[in-house]
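Where a number appears in this text, it was derived from the coordinates with a stated rule and is not lab data. The model shown is predicted, which means the values in this text are computed figures rather than measured ones. Here Cβ is always computed from backbone atoms with ideal geometry, including for glycine, and neighbour counts include all displayed protein chains.
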Amino acid sequence: MIRDVCTDILLGLAVLVVLGASLGVLLMRDAYQKLHFVTPAALVAPALVALAVLVQAGLVENSGETCLALVVMVIAGPFLSHATMRAIRVRGQGDWRPPQKERKP
Amino acid sequence: MVLGVLGFTAAAIAMLICTIPAGIVIARGDLGSAVVGYEFITSVMVMVLALLAQAFQRSSLFELPVLLAMLMFGGGLVFVRAMERWL
């Protein structure tokens, strides 16, 4: 019973995080701002879901595979966000570096 | 046990509904915003697959979120690289 309650709380938190992130992706003005809201959905919510599976199923193969997916997302998420940000900047300005006159000596 | 299964299924359905705003961004936003929406939906789908696998109690289904998480990384990098150079 307590296990079910804890699982439901964790799942509810995960859904709230995803809901907030989806509203952020919808309402922010440009892609740079929208990209900030992908991170909670890619890092925080999967951690909550993995915790929920761990609480519900215990330390078994299923929860291990869920944690493996979480680890892959935690490692891949920042790389993907950085690459996306860089691509958007290169697409908009031609180069990811700041213009020559704005660079510090 | 039934309550737990219901919770996982309900969370999966709620997360699927949460992908609608990102779908709107993909359909109506510029290319950069559409890529962000695609990455958001992919991240949510990894969780949905894990939630449904736990809800249905099928061990074999737990491989799908791991695969999608790996493919999300490779596919996303290929897509943003193409966007940077050619699109």
When you scan region A:13-105 for helices (runs of 4 or more DSSP H) that lie fully inside it, which ones turn up with 3 or more residues that are in contact with a Leu (Cβ under 7 Å, 6 or more places away or on another chain) and buried (at least 19 other Cβ atoms within 10 Å of the Cβ)? A:45-57, A:61-93
For residues that are over 30 Å from A:GLY94 (Cα atoms) and not polar (S, T, N, Q), tally how many sit in region B:28-87. 22
Can you list the helices (runs of 4 or more DSSP H) found entirely within chain B that contain at least 3 residues being facing chain A (nearest Cβ under 7 Å) and surrounded by fewer than 22 Cβ atoms within 10 Å (Cβ to Cβ)? B:2-28, B:63-85
Those residues of region A:1-12 which are surrounded by fewer than 22 Cβ atoms within 10 Å (Cβ to Cβ) and not hydrophobic (A, V, I, L, M, F, W, C), in sequence order: A:ARG3, A:ASP4, A:ASP8, A:GLY12
Within region A:62-76, is there a residue that is more than 7 Å from chain B (Cβ to nearest Cβ), of a type in the set (A, V, I, L, M) and more than 25 Å from B:PHE73 (Cβ to Cβ)? no
Criterion (within 15 Å of the chain's Cα centre (by Cα) and facing chain B (nearest Cβ under 9 Å)) met by exactly one of A:VAL15, A:VAL90: A:VAL15
Residues of region A:25-60 that turn out to be touching a residue at least 12 places away in the same chain (Cβ under 8 Å), more than 9 Å from every other protein chain (Cβ to nearest Cβ) and small (Gly, Ala, Ser), as a count: 1
